[in-house]
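Down below is the structure, laid out as structure tokens.
The values are calculated or read from the model by the stated rules, or taken from the named source; none is laboratory data. All values derive from a computational prediction rather than experimental measurement. For neighbour counting, all protein chains shown are included, and Cβ atoms are generated from backbone atoms with ideal geometry for every residue, glycine included. Please note that ligands, DNA and RNA were not included when accessible areas were found on the heavy atoms of the full protein model with its side chains. Shrake-Rupley method; radii C 1.70, N 1.55, O 1.52, S 1.80 Å.
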Amino acid sequence: MLKVLKNLKKSFWSAVAIVILLCIQATTDLALPDYTSKIVNIGIQAGGIEVAIPEIIAKEDMDNLLIFTEQGEEILENYTLVGESPTKQEKSKIYKYLGKGKNIQPETIYVLKELEEEEQDKLVPLMATPLMELTAIENEETANQIKEQLMLNMTNVPEAQKQQLQSQTLMEIINNMPKEQRNQVLGQFTDKINNMQDSIKEQAAVASVKELYKKIGVDTDKLQNNYILMAGLQMLGVASITMVSAISIMLLSSRVAAKLGKTLRDKVFKKVIRFSNKELSEFSTASLITRSTNDIQQIQQLITMLFRVVVYAPIIGIGGFLKVLTNSDNQMAWIIGVAILAILLIVGTLFVITMPSFKKLQDLVDKLNQVAREILTGLPVIRAFHKEKKEEARFEIANQNLMKTDRFVSRAMSMMMPLLMLIMNSIMILIVWVGGHNVDQGFMQVGDMMAFIQYTMQIVMAFLMISMISIMLPRAAVSARRINEVIETEPNIKDLAEVKKFDSNKKGLVEFKNVSFHYPDADTEVLSDINFTAKPGETTAIIGSTGSGKSTVVNLIPRFYDVTGGELLIDGVNVKEVSQKELRDIIGLVPQKGILFSGTIESNIKYSDENMSDEQMKEAAKIAQAIEFIEEKDKQYQEPITQGGSNVSGGQKQRLSIARAISKNPEIFVFDDSFSALDFKTDSKLREALSKKTKDKTVIIVAQRISTIMNAEKIVVLEEGKVVGMGTHEELMKNNETYRQIALSQLSEEELDKKGGE
């Protein structure tokens, strides 16, 4: 897999951009639960009051508040009494809470100084208890209860003094009390407050601040709405950044994955083009197609997800866990551990079950493609022998095997999402259950519980993404291995570091010197001790019975295979010592099976050089006896040719293949039984026209027909991979029994004496 991923270096900067965007997205995603918590805790529950200390407070209220604390001086150090000329900071605070243009009397309002967060945190516990006591005392119902209790305790106080006390507010009474008596009266309130949880105490202090704001004319509803609006807008801004980042990441990831796919396809194709017949026989055509398409597609799908898992999931998982520990009540952190263990258990089980099937799946795709290709290629034969049912059954077996494996994998994988969703929903219910009890007992706030749910879901989703990639990874790893097998396979036939040039004095000369050959991994020799020379201006024919090695000899000339013994010289140089490109540039090969490419007649004839002149193309078509049927076509040379040349006959296909070789005008013509589909008349005309075109060229013809080679200057007779005769037609008829038997099996003595009527 790592070898395949090395190809990502071409998309380095895109990958860097994806990583940066993923970090941004992860950061913004982790910030969203905080905003949810703030909107609920501060915006809704606290009425938009962010800190449990008043930012502005009336002097009268401050004086009353200080009665309930021993740290009055420490509290006043953090406040400024507004004078006749308020500072800019003081004006800003007054405008924020009282509105623009609000006139206040000098020395009637205290304004909180600009404090650091740590200083605010120290001030909150100093003011929380006195704020709550002050609010409780100023509450009419509470005040009446305390006054009644005081009156009941005043048994020795004159009635007139009681009447006077009844007319006073509780705050006035407490102000006039001695310190010891005041502490005694307020002791029960202080004890209750001190026994409260810090979170509940802070919420109550916020409510007290809200009451103090109302007393000096602050519009608390507007304050709440403004806070929710601003927090909501900030949340939308963060969400917008997340959205833009996510879209950009998907676009860039798709681009990187597509580019990687293109690079891999390019490497695989270029490597296959360089393969010799040995490597092509090791990889089936169906397998190479699957590796170039389906396998690379698996890698692309993985890459699209990989960046998010490698970068995004760890940031979200670790970041979310740290947020839970720092921003929420970490007593519920065990719930996250339960969720992660449940996910790992399910994914691990599925991984163990499906892994063998992932490895098997790609091989079954290969098999299906192979069967389908064989059937489609051999369709005429199948129909001729009426074997449609048999081939349908063979395809059905391959299809069924693939379907069963694919269905097993799909069923196993389809169980994963419902099970994981069950875990996620169960975890959410567990959080609400435990969190609800904590909220009820004052251990946490509702917003914190909601943030905890979001953080937990983010952590679970991060592990879910890792789980998904762990399922995709095995199949992609199998595909990567199959792709690497092709890319890392070195061609058996390759150029030397330093190649030689052809000898211009031996142009067109082909020499076989004690050549022997056996196929890779085979023990027996297909050819042994082959010796003959093909000279320019002469036609050298090769004939023999089926399996005698004729086509093998031809395949050695353009170096589709390398000789395993002896030497093959062209233009006086061993073919192993020259460049394959230069070697094949001087050879015009017409294979035994005519091969045409999708396009037009013109594109097929001009295959060697698309800039070839039309005159050269037409001359080649004329020599190949193809011009007659071409001109009968509606579009003539622009007539479309379908894939494999299926819309032309066998003879027409062969003539176009011959025309393609002639138009190249090479030094050496090699015809591998290329006249077999031609009738005798066309064959004769073609050879006559060809002899004029190739009078200074080397022509090597492999043929089954005696009539095709009777006029050759040299005929090489092969039998069981050995040369058993060599000479002209007349010489071989007299001296070589093998040649004579082949000849008499096709023509009569009279026809042979007349050289085919020529």
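How do the pairs read when you match residues in the range 482-507 that are among the small types (G, A, S) with residues anywhere that are surrounded by 15 or more Cβ atoms within 10 Å (Cβ to Cβ), using Cβ under 8 Å and keeping only pairs 6 or more apart or on different chains?
S504/D571
Residues being of a type outside the set (G, A, S), modelled with pLDDT under 85 and open to solvent by less than 20 Å² (accessible area, probe 1.4 Å): count how many of those fall in the range 14-63.
1
Would you confirm, using the coordinates I've provided, whether I249 is within 20 Å of the chain's Cα centre (by Cα) and more than 27 Å from L131 (Cα to Cα)? Don't jump to the end; show me each part of the working.
Values: within 20 Å of the chain's Cα centre (by Cα): yes; more than 27 Å from L131 (Cα to Cα): yes.
Yes, satisfied.
Which condition does N156 not pass, out of (1) crowded, with 17+ Cβ neighbours inside 10 Å; (2) modelled with pLDDT under 70; (3) in a loop (DSSP other than H, G, I, E, B), if it passes all the others?
Just one mismatch for N156, condition (1).
When D609 is evaluated against the numbered criteria (1) touching a residue at least 24 places away in the same chain (Cβ under 8 Å); (2) in contact with an Asp or Glu (Cβ under 9 Å, 6 or more places away or on another chain); (3) farther than 21 Å from K685 by Cβ, which criterion, by number, is the only one it fails?
(2)
If you go through the range 363-385, how many residues are touching a helix residue (DSSP H, G or I) at 6+ places or on another chain (Cβ under 6 Å), of a type in the set (A, V, I, L, M, F, W, C) and closer than 15 Å to L288 by Cβ?
Residues meeting the conditions: 2.
Please specify each residue of the range 261-284 satisfying the condition of being open to solvent by 90 Å² or more (accessible area, probe 1.4 Å) and under 27 Å from the mean Cα position of the chain (by Cα).
K262, R265, F269, K270, I273
Pairs needed: first member in the range 687-699, within 17 Å of K618 (Cα to Cα); second member anywhere, open to solvent by less than 50 Å² (accessible area, probe 1.4 Å) and at pLDDT 80 or above; C-beta distance under 7 Å; at least 6 residues apart or different chains.
Within 7 Å, the pairs are A689/I623; L690/I623; K693/I623; K693/I662; T694/F669.
Can you tell me how many residues in the range 664-701 are more than 24 Å from E602 (Cα to Cα) and aliphatic (A, V, I, L, M)?
Qualifying residue count for the region: 3.
Of the residues that make up the range 362-369, is at least one open to solvent by 90 Å² or more (accessible area, probe 1.4 Å), of a type outside the set (G, A, S) and within 24 Å of the chain's Cα centre (by Cα)? Steps first, answer last, please.
Taking the range 362-369 as the starting set, the residues that turn out to be open to solvent by 90 Å² or more (accessible area, probe 1.4 Å) are 367.
From the residues that got through so far, the ones that are of a type outside the set (G, A, S) too are 367.
After this cut, where a residue has to be within 24 Å of the chain's Cα centre (by Cα) as well, the list is none.
No: the range 362-369 contains no residue that is open to solvent by 90 Å² or more (accessible area, probe 1.4 Å), of a type outside the set (G, A, S) and within 24 Å of the chain's Cα centre (by Cα).
State all residues of the range 427-448 that are open to solvent by less than 60 Å² (accessible area, probe 1.4 Å) and in contact (Cβ under 8 Å) with a residue 24 or more places away in the chain; if no residue qualifies, say none. Let's see the steps before the verdict.
Step one: of the range 427-448, the residues open to solvent by less than 60 Å² (accessible area, probe 1.4 Å) are 427, 430-431, 434-436, 438-439, 442, 444-448.
I427, L430, I431, V434, G435, N438, G442, M444, Q445, V446, G447, D448 - these are the residues of the range 427-448 that are open to solvent by less than 60 Å² (accessible area, probe 1.4 Å) and in contact (Cβ under 8 Å) with a residue 24 or more places away in the chain.
Which residues, taken from the range 472-514, are in contact with a Phe, Trp or Tyr (Cβ under 7 Å, 6 or more places away or on another chain) and either assigned to a helix (DSSP H, G or I) or surrounded by 17 or more Cβ atoms within 10 Å (Cβ to Cβ) (or both)?
To start, the set of residues in the range 472-514 that are in contact with a Phe, Trp or Tyr (Cβ under 7 Å, 6 or more places away or on another chain) comprises 474-475, 478, 486, 491, 512.
Within the range 472-514, P474, R475, V478, V486, F512 meet the criteria.
Can K507 be described as at pLDDT 85 or above, basic (K, R) and either touching a strand residue (DSSP E or B) at 6+ places or on another chain (Cβ under 6 Å) or under 30 Å from M416 (Cβ atoms) (or both)? Explain how you work it out, then say what you get.
Working: at pLDDT 85 or above: yes; basic (K, R): yes; either touching a strand residue (DSSP E or B) at 6+ places or on another chain (Cβ under 6 Å) or under 30 Å from M416 (Cβ atoms) (or both): no.
Here the answer is no, as K507 does not meet what is asked.
Taking the range 319-347, which residues are without any contact (Cβ under 8 Å) to a residue 60 or more places away in the chain and either within 19 Å of M450 (Cα to Cα) or open to solvent by less than 30 Å² (accessible area, probe 1.4 Å) (or both)?
Matches in the range 319-347: L322, L325, T326, N330, A333, W334, G337.
Looking at the range 213-228 only, could you name the residues that are at pLDDT below 90, closer than 22 Å to K38 by Cα and surrounded by 14 or more Cβ atoms within 10 Å (Cβ to Cβ)?
Y213, V218, D219, T220, L223, Q224, N226, Y227
Quick test of your reading of the structure: Y312 fulfils all but one of (1) surrounded by fewer than 19 Cβ atoms within 10 Å (Cβ to Cβ); (2) at pLDDT 80 or above. Name the failing condition by number.
(1)
Quick one: how many residues across the range 646-663 are in contact (Cβ under 8 Å) with a residue 24 or more places away in the chain, open to solvent by 10 Å² or more (accessible area, probe 1.4 Å) and under 44 Å from the mean Cα position of the chain (by Cα)?
Counting residues in the range 646-663 that are in contact (Cβ under 8 Å) with a residue 24 or more places away in the chain, open to solvent by 10 Å² or more (accessible area, probe 1.4 Å) and under 44 Å from the mean Cα position of the chain (by Cα) gives 3.
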